[in-house]
Amino acid sequence: MRILFTKNIDPVIISKALGEDITADCVEVIKTTPIIIPPFDLKNYSLIFTSVNGVAAFFKNRFRPNEDFTAKNYNKIYCVGDKTKKALRKNGFGTFKVLKNADVLSQFIIGHCQHEQFLHFCGNLAINVLDKDLPLQNIKYKKVTIYNTEEINPLITEKYHAAVFFSPSGVRSFAKQNSLENMKLFSIGETTSGELRNYTKGKIFTSEDNNLTSIFELIRKEAWSND
């Protein structure tokens, strides 16, 4: 079986996870670039990160959260996914709450955080779940764009039995010049699967969690099935 991953992943990691019966190629379908913005005070804000790229660009801009919960103006940090949490930890910061996707984060904030005000450090193509839901509940929320995502739109001439997608922008970039038909489609998370449904009526296999371990488990389970 030949599988296309729509982002670069270490071939050794793929081989260990999927074995020798699966041949994998990796093609980048999006390009991200940090944006340098004027620094400003984070005081009294809770911070939201929904991607590793958002974390990287945040610290590239030399922002420093205040995590001292005993201080008056400390910053709570909310994030989506284990990879985002790990990126924050690599920079020396923990998280107040980690949720599996933006929809779950939105519902948690609406249910438990009505009196906080939020800054969401994200890319120019960030999904609109939070800025659609939170203002309707009178929750103060603002996007801060700190990186650009460019859809590369590569033309893929090779034929694959399956393709794996990691973001809505990656889906759009791939679908610009390539068909999604006659392949098994694997997706990290429901948000990416939702974007895939705009381009195909075929079955989409969605990982339970937004990480490589979960998508590899799903591929091992479903790759050879007849669904």
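Laboratory data are not the source of any read-out in this text; all were calculated from the coordinates shown. Computed from a prediction, not measured in an experiment: that's the story for all the values here. Cβ sites come from the backbone with ideal geometry, for glycine too, and all protein chains shown count toward neighbours.
Here are a few things to note about the model shown:
- Members of Lys7/Lys76; Lys90/Lys176; Lys31/Lys86; Lys60/Lys83; Lys90/Lys142; Lys100/Lys184 lying beyond 27 Å, as alpha-carbon distances in this model show: Lys7/Lys76; Lys90/Lys176
- Per residue of the chain, the DSSP helices (runs of n ≥ 4 H) give a summed -39500 (n - 2.57) that works out to -8500 deg cm²/dmol at 222 nm.
- Contact order normalised by residue count of the chain, Cα under 8 Å, 6+ apart, percent: 21 percent
- Here the dipole of the chain is about 640 debye; that uses its Cα centre as origin and unit charges on the Cβ of Lys and Arg (positive) and Asp and Glu (negative).
- Sequence of His161, His112, His120 once ranked by neighbouring C-beta atoms within 10 Å, starting from the fewest: His112, His161, His120
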